[in-house]
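The values are calculated or read from the model by the stated rules, or taken from the named source; none is laboratory data. Remember, it's a predicted structure, so these values are computed and weren't measured experimentally. Cβ placement follows ideal geometry from the backbone for every residue including glycine, while neighbour counts extend to all protein chains displayed.
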Amino acid sequence: MKVSTDGVVLGAMASHSKAGRILDIGTGTGLIALMLAQRFPTAAVEGIEIDKDAYLQASDNLALSPWKDRVSVVHQSFQEFAKVERKRFDLIVSNPPYFPAHLKSGDLKRNLALHNDALPFPDLVRGIPPLLSRDGLFWVMLPERQMQELETLAMEEGLFPHNKIIVRNHPSAPVLRVVQAFSFLAQVSTEASLLIRDQDRNYSKDYKELLKDFLLDF
């Protein structure tokens with residue numbers, strides 16, 4: 001669960017024109033937080049992680065990074081964080097857990113990362129508006145059906161979708177993930193696509209361009 005396609009794609013795609021404060025919800029081992037620190041050289045980046053072992057590893061990873069003075073992580077549930085935090089963030093990102101409880105495996109840590117018992121979509125969406133700056137953006141990555149569910153909940157909380165990116169493994173594959181931004185501003189939503197591999201099953205030009213600053217193979 002340390003480095004995933006979801007994580008690197010979201011970390012490379014989440015954007016904001018002038019992010020001064022960034023929040024990564026469910027930072028895991030700090031992958032997305034570190035990518036955002038690299039992409040936004042003046043921003044303060046904060047991660048939240050509920051799993052103790054992941055939090056400890058994230059703390060070690062952040063401490064060893066070139067951006068250790070601008071990146072931090074807290075060991076806390078998002079629900080508790082949202083209750084007490086008074087700062088506003090310009091950019092909030094999350095690659096949240098999304099599987100229902102009945103699909104759980106015997107791996108407790110994998111369950112925490114993948115199943116949304118600890119962070120149901122309603123809790124996630126309700127916690128975003130008090131933390132998001134007026135011109136802020138909330139970026140999230142989910143499978144298509146779960147994104148539709150989250151979009152409905154977000155609009156009920158006054159968060160409007162735009163900048164949708166459809167991610168597929170290759171041209172003839174079904175939708176793998178949807179990356180989408182939400183903000184307080186209602187606007188015309190745009191839609192783009194990203195192919196991880198081309199028709200020859202090689203990494204696509206767009207995918208390599210997106211991740212060239214982060215993955216040594218590219």
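Structural remarks
- Summed over segment 37-92, the residues that are among the small types (G, A, S) and closer than 19 Å to S15 by Cα give a count of 4.
- Residues satisfying the stated conditions in segment 197-216, i.e. part of a loop (DSSP other than H, G, I, E, B) and hydroxyl-bearing (S, T, Y): S204
- Scanning segment 32-54 for residues that are surrounded by 21 or more Cβ atoms within 10 Å (Cβ to Cβ), at pLDDT 95 or above and assigned to a helix (DSSP H, G or I) yields I32, A33, L34, M35, L36, A37.
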